[in-house]
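Asker: Just passing along the structure, written as structure tokens.
The values are calculated or read from the model by the stated rules, or taken from the named source; none is laboratory data. Note that the structure is predicted; figures quoted are calculated from it, not measured. Note: ideal-geometry Cβ built from the backbone for every residue, glycine included; neighbour counts use all protein chains shown. In case anyone asks, the SASA skips ligands and DNA or RNA and just uses the protein heavy atoms, side chains included. Shrake-Rupley method; radii C 1.70, N 1.55, O 1.52, S 1.80 Å.
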Amino acid sequence: MEEGLLKNIDEFLDSGNDNLEKSRYNAAVSDFFKAIVVCCDFIIYKNTKIVPKNHNDRFSLLKKYFFNVYEKVSELFALYTKSYNLCLSKKDAIIAGNYANELRNEINKK
């Protein structure tokens, strides 16, 4: 389970970085947010042995057990949903990528 999640995180990070490099900022934000979501799932599972079933479940568990992560992910979720119908900027992609990498680095430390 954990190994699969880590592999997915790294795949989404690689894809996000590739899209950022190619100036595909909406796709980069989307990929980075997916990496963030899988990082959250890893953190939740590692600490509670619960696998979130959907975004609502994930946000509820984050709010209960990892409030600081919940706050940041909620903020980035709003950015991610803007990618559905707005053109996002390089800055937006970098913000999402930085947090995705921050979470991945936290996982590596443990």
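Asker: Just for segment 69-99: of the residues that are closer than 18 Å to Glu21 by Cβ and surrounded by fewer than 17 Cβ atoms within 10 Å (Cβ to Cβ), which one is nearest to the chain's Cα centre (by Cα)?
Answerer: So, considering only residues that are closer than 18 Å to Glu21 by Cβ and surrounded by fewer than 17 Cβ atoms within 10 Å (Cβ to Cβ), the one nearest to the chain's Cα centre (by Cα) is Asn98.
Asker: Now, a different point. Scanning for something farther than 25 Å from Glu3 by Cα, open to solvent by less than 40 Å² (accessible area, probe 1.4 Å) and of a type in the set (A, V, I, L, M, F, W, C), does segment 100-107 turn up at least one residue?
Answerer: Among the residues of segment 100-107, not one is farther than 25 Å from Glu3 by Cα, open to solvent by less than 40 Å² (accessible area, probe 1.4 Å) and of a type in the set (A, V, I, L, M, F, W, C), which makes the answer no.
Asker: Collect the residues in segment 1-20 that are polar (S, T, N, Q) and farther than 12 Å from Cys39 by Cα, keeping them in residue-number order.
Answerer: Of everything in segment 1-20, those that are polar (S, T, N, Q) and farther than 12 Å from Cys39 by Cα turn out to be Ser15, Asn17, Asn19.
Asker: Inside segment 16-57, can you point out the residues that are open to solvent by less than 40 Å² (accessible area, probe 1.4 Å), over 17 Å from Leu79 (Cα atoms) and not hydrophobic (A, V, I, L, M, F, W, C)?
Answerer: Asp41, Thr48, Pro52
Asker: Just to be sure before I move on: is Asn108 modelled with pLDDT under 95, over 13 Å from the mean Cα position of the chain (by Cα) and in a helix (DSSP H, G or I) in the structure I sent?
Answerer: Spelling it out, Asn108 is indeed modelled with pLDDT under 95, over 13 Å from the mean Cα position of the chain (by Cα) and in a helix (DSSP H, G or I).
Conditions tested, residue by residue: (1) under 16 Å from Asp10 (Cβ atoms); (2) assigned to a helix (DSSP H, G or I); (3) hydroxyl-bearing (Ser, Thr, Tyr).
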residue	(1), (2), (3)
Ile36	yes, yes, no
Phe42	yes, yes, no
Pro52	no, no, no
Arg58	no, yes, no
Leu62	no, yes, no
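Asker: In segment 69-110, which residue that is β-branched (Val, Ile, Thr) and touching a residue at least 60 places away in the same chain (Cβ under 8 Å) is nearest to Ser15 (Cα to Cα)?
Answerer: The extreme case among them is Ile94.
Asker: Based on what the data block shows, is Phe66 under 20 Å from Ile107 (Cα atoms), touching a helix residue (DSSP H, G or I) at 6+ places or on another chain (Cβ under 8 Å), touching a residue at least 12 places away in the same chain (Cβ under 8 Å) and buried (at least 18 other Cβ atoms within 10 Å of the Cβ)?
Answerer: For Phe66, the condition - under 20 Å from Ile107 (Cα atoms), touching a helix residue (DSSP H, G or I) at 6+ places or on another chain (Cβ under 8 Å), touching a residue at least 12 places away in the same chain (Cβ under 8 Å) and buried (at least 18 other Cβ atoms within 10 Å of the Cβ) - is not met.
Asker: If the Cβ limit is 6 Å and pairs must be 6+ apart or interchain, which residue in segment 1-24 that is in contact (Cβ under 8 Å) with a residue 12 or more places away in the chain pairs with which residue that is open to solvent by 70 Å² or more (accessible area, probe 1.4 Å)?
Answerer: Listed by first residue and then by second, the contacts come to Phe12/Lys34.
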